Amino acid sequence: MPPDTLSDSPESDVTSAVTFKDTELTLGIPGEPTRSPAGKFCTKRGFIETVDLNLRTSTSKPRGKTHADEVDDKSDDVVSGACKTPASKTQVVGWPPVRSYRKKALESCKYVKVAVDGAPYLRKVDLETYNSYQELLMTLEKMFTCFKIRGNYLGESKVIDPMKEMEYVPTYEDKDGDWMLVGDVPWKMFIESCKRIRLMKSSEAVGLAPRTPPRCTTTT
Amino acid sequence: MKMMMGSSFPEEVLEHVFSFIERDKDRNAISTVCQSWYEIERWSRRRVFVGNCYAVSPAILIKRFPDVRCLELKGKPHFADFNLVPEGWGAYVAPWIAAASSAYPWLEEIRLKRMVIPDDSLELISKSFKNFKVLVLSSCEGFSTEGLAAIAANCRNLRELDLRESEVEDLNQSSGHWLSHFPDNYTSLVSLNIACLNSEVSFTALERLVGRCPNLRTLRLNRAVPLDRLAILLHRAPQLVELGTGEASDLRPDVLSNLLGAFSRCKELKSLSGFWDVAPGYLTGVYPICPRLTSLNLSYAATIQSSDLIKLVSQCQNLQKLWVLDYIEDLGLEALAASCKDLRELRVFPSEPFGVEPNVLLTEQGLVSVSEGCPKLHSVLYFCRQMSNDALRTIARNRPNMTRFRLCIIEPRTPDYLTLESLDMGFGAIVEHCNDLRRLSLSGLLTDRVFEYIGTYGKKLEMLSVAFAGDSDLGLHHILSGCENLRKLEIRDCPFGDKALLANAAKLETMRSLWMSSCSVSFGACKLLGQKMPMLNVEVIDERGPPDSRPESCPVEKLYIYRTVSGPRLDMPGFVWTKDEDSALGLS
């Protein structure tokens, strides 16, 4: 029987390098020593755990989303899978028989602008190239290199500028024009609904809470 | 008037009679009656369809049919759509255009599918044929907006420019956007399909073009044309029958109301497509025209979910054709079955073809509902993750009028999810009950038994696609020996080898083509077949290097066999071998 042709997908590389066990997430207070393959994961684990906490504790359904029930059930899987390899296995060439034209059309190049309060420039990121909040925020950290991402026990994710000692909270504007906290909804729903990202100064973001974001024009 | 020996009619009269006969099959039959009829027919044939561009050469075509006005050519095999044919394999149209430019000065229509067409050829077309009217490039590649600019600038009588799903390179032109190359006094456009273009379109040029072409019926825009501009275009062309929208991810109430106003003036609009990245709120703009719609293509509308789809299709009582993503789910298909009694064709595409877990509630039940509720349904393409023999049997019994049935169960070799058996019986029921079935694509767990059914019952079958199925050569033998009308057979990842192929060699000359990849056909068998059958080109496509550097018993990667009257082709790339290579090797 001829072997299935393996593709060059990054998924297959990741599978061989890291086992599921290694990257499996558990609930726990940030900072607890956990088994992780590289020190790098440890520093970020706090954020991921807080994102995890956000999703597990939220009970209200996403506004205007039709697969609400299903998605909430799956949200745990989606988030806990954030550090796992993406949910697709080694691909066989040309199967399923979907034309590349169609694949490309569906792969909407999901470029969104990223703005940082106080910074003079905008950057753009392609959300489709990331598989999790962790990956996205790591990239944002690299882009705006003076900032650090840190989580805290309140379950909010913050970006901290150690130079100016100001905290920034990653927020995004969704399809309906509302500003939400990044990490609020399952990753897949986020990339579908996110139109732009803003690293907002914490002082302004106080009014922002999961599911009940006011317009960003309101000040504290 | 010239009198033919033994004929009661003068030539001119026969020619006039023949002008009423259009179908190729009928014309071919007429041409075999006698020598004079052959001559009259060949001089008066205006429309030629070449299903495989390598089956015949331009010279042979021109010699037989000296006055062709409409030429249609197809190039790469169908599996090229799924990246199974390596880049550079062939299907170059340049030699055809070059030959036609001198032989057919009155050529009006060129239709190409899966061919490579360079800008030079487009320019040659635009300058060689004074009465050129129709250019359709379906899944083609090799050209850029430069070539399109030449067509726009020079084809004064152009009616139709359709770039369906082609790959077009966008070159920023200093001479202005290619659309602006249509002269100001050009007004004959009837159909424009630029949906595949990735780049921005000059809106001013587009608007002026649309405004000055009163016969425009079809306008398929690309993603880059935002919805707020669409209303402007619709105001200029309220006579449109077919429309493809661009994208619109921001829901703006003013745009929506403009759109509603524009749509309400389009009394002839029957076909809609596009909808990339469309905010679901915009769908309400479409509601007024839903009752008139006969064709709806939402297969790129990744932002529209089940409930909105249900609301939409429930208002399309006259819908005949629906292409949609699996976001429609079983519930949506039930609504479709209840509302759209005139439905003839349904295609359901996967939103996440490479996901392991199902992301939508779409099962075999959706297809069963539609087969029950839509008596005219005869053409189906359906991607799903589970299937049962029961469901297939039900579908077969509900719809004996099925002519095209393509089922893709996403995971290869998936069994009947209820019984865990193969799906042999289910597909067997399809071929047994659907006596007019012309096209079939199989998937799921299948043994040789299913091919026995197909060979027994699939007497009208013309095209069969097989993947990850069968147990032995017997499977292939059943197909080749049983399916009398088989024209195209494409197989991948099946344990079919030399025996069935060699035993049915003669059958291959009655077919257009056979594709086999990742099967068990040896190089030795390919050589033998090539030697035995001079009217076939047996192409071994192998990117591992020369097949004779491996034992003859080694299976080839890919095999493409097609009948031809023009011998082995001369434009093969390095990874393709045919019998001429072998005789060359034999000499050295």
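The values are calculated or read from the model by the stated rules, or taken from the named source; none is laboratory data. These numbers were taken from a predicted model, which means no experiment stands behind them. Reconstructed Cβ throughout: ideal geometry from the backbone, glycine too, with neighbour counts over all protein chains shown. When the accessible area is computed, the model is the full protein with side chains, heavy atoms only, and any ligands, DNA or RNA have been set aside. Shrake-Rupley method; radii C 1.70, N 1.55, O 1.52, S 1.80 Å.
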Next on the checklist: For the range B:247-286 and the range B:10-31, what is the centre-to-centre distance using only Cα atoms, to the nearest Å?
Outcome noted: 48 Å
Next on the checklist: How would chain B be classified by its alpha-carbon gyration tensor: rounded, prolate or oblate, with rounded meaning a/c under 1.5 and the a/b versus b/c comparison settling the rest?
Outcome noted: oblate
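Relative to the compact-globule scaling 2.2 N^0.38 Å, provide the ratio for the alpha-carbon radius of gyration of the range B:517-588.
Taking the Cα Rg and dividing by 2.2 N^0.38 Å, one obtains 1.01.
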Next on the checklist: Exceeding 29 Å between C-alpha atoms, which entries from my cross-link table qualify? They are B:LYS341/B:LYS460; A:LYS124/B:LYS76; B:LYS321/B:LYS488; A:LYS104/B:LYS527; A:LYS175/A:LYS201.
Outcome noted: A:LYS124/B:LYS76; A:LYS104/B:LYS527
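Looking only at other chains, what is the average number of their beta-carbon atoms within 10 angstrom of each beta-carbon in B:301-311?
Numbers: counts 1, 5, 4, 1, 5, 2, 2, 1, 1, 1, 0.
Other-chain Cβ atoms within 10 Å of each residue's Cβ, averaged: 2.
Under the classification rounded if a/c is under 1.5, otherwise prolate if a/b is larger than b/c and oblate if not, where does the range B:47-216 fall, given a ≥ b ≥ c as square roots of the Cα gyration tensor eigenvalues? Mind showing how you got there, number by number?
Working: a/c = 2.04, a/b = 1.32, b/c = 1.55.
Judged from the Cα gyration tensor, the range B:47-216 comes out oblate (a/c at least 1.5, b/c at or above a/b).
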Checklist entry - In nanometres, what is the gap between the two model label sites at B:GLN239 and B:LYS532, each 7 Å from Cα along Cα-to-Cβ? => result 6.0 nm
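How high is the FRET efficiency from B:THR204 to B:GLU411, r the C-beta distance, R0 51 Å, rounded to 0.05? Don't jump to the answer; show the numbers that get you there.
Numbers: r = 50 Å, r/R0 = 0.97.
The value I calculate is 0.55.
Between B:ASN485 and B:TYR287, 0.36 nm times their residue separation minus their Cα-Cα distance comes to what?
66.9 nm
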Checklist entry - Total Å² of accessible surface buried at the B-A contact, 1.4 Å probe, nearest 100? => result 3600 Å²
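What are the GluC sites (Glu not before Pro) within the range B:227-293 that DSSP puts in a loop, where the Cβ has at most 15 other Cβ atoms within 10 Å?
Numbers: sites: B:GLU242, B:GLU247, B:GLU268; in loops: B:GLU247, B:GLU268.
Those that pass, being in a loop and sparsely packed, are B:GLU268.
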Checklist outcome for this item: Note on chain B: contact order normalised by length, alpha-carbon pairs under 8 Å, 6 or more apart, percent, works out to 6 percent
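Across peptide B:413-424, what mean number of C-beta atoms from other chains lies inside 10 Å of a residue's C-beta?
0
For an R0 of 35 angstrom, estimate the FRET efficiency from the Cβ-Cβ distance between B:SER549 and B:ALA99 and round to the nearest 0.05.
Working: r = 37 Å, r/R0 = 1.06.
Once the sixth-power term is evaluated, E becomes 0.40.
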Next on the checklist: Using helices alone, I'd like the mean residue ellipticity at 222 nm for chain B: each DSSP H run of four-plus residues gives -39500 (n - 2.57), total over residue count, nearest 500.
Outcome noted: -9500 deg cm²/dmol
Checklist outcome for this item: Label model pair B:GLU509, B:ASP184: point-to-point distance (7 angstrom along the Cα→beta-carbon line) in nm is 6.3 nm
Checklist outcome for this item: Test assert for the range B:155-196: residues whose accessible surface shrinks by at least 30 Å² between chain alone and all chains, 1.4 Å probe, equal B:GLU165
Next on the checklist: Rolling a 1.4 angstrom probe over the protein chains, ignoring ligands and nucleic acids, what is the accessible area of B:ARG550 in square angstrom, nearest 10?
Outcome noted: 50 Å²
Next on the checklist: Could you sort B:GLU539, B:GLU165 by their accessible area in this structure, using a 1.4 Å probe and putting the largest first?
Outcome noted: B:GLU165, B:GLU539
Checklist entry - Label-point separation (nm) for A:ARG196 and B:HIS16, each offset 7 Å from Cα along Cα-to-Cβ? => result 7.2 nm
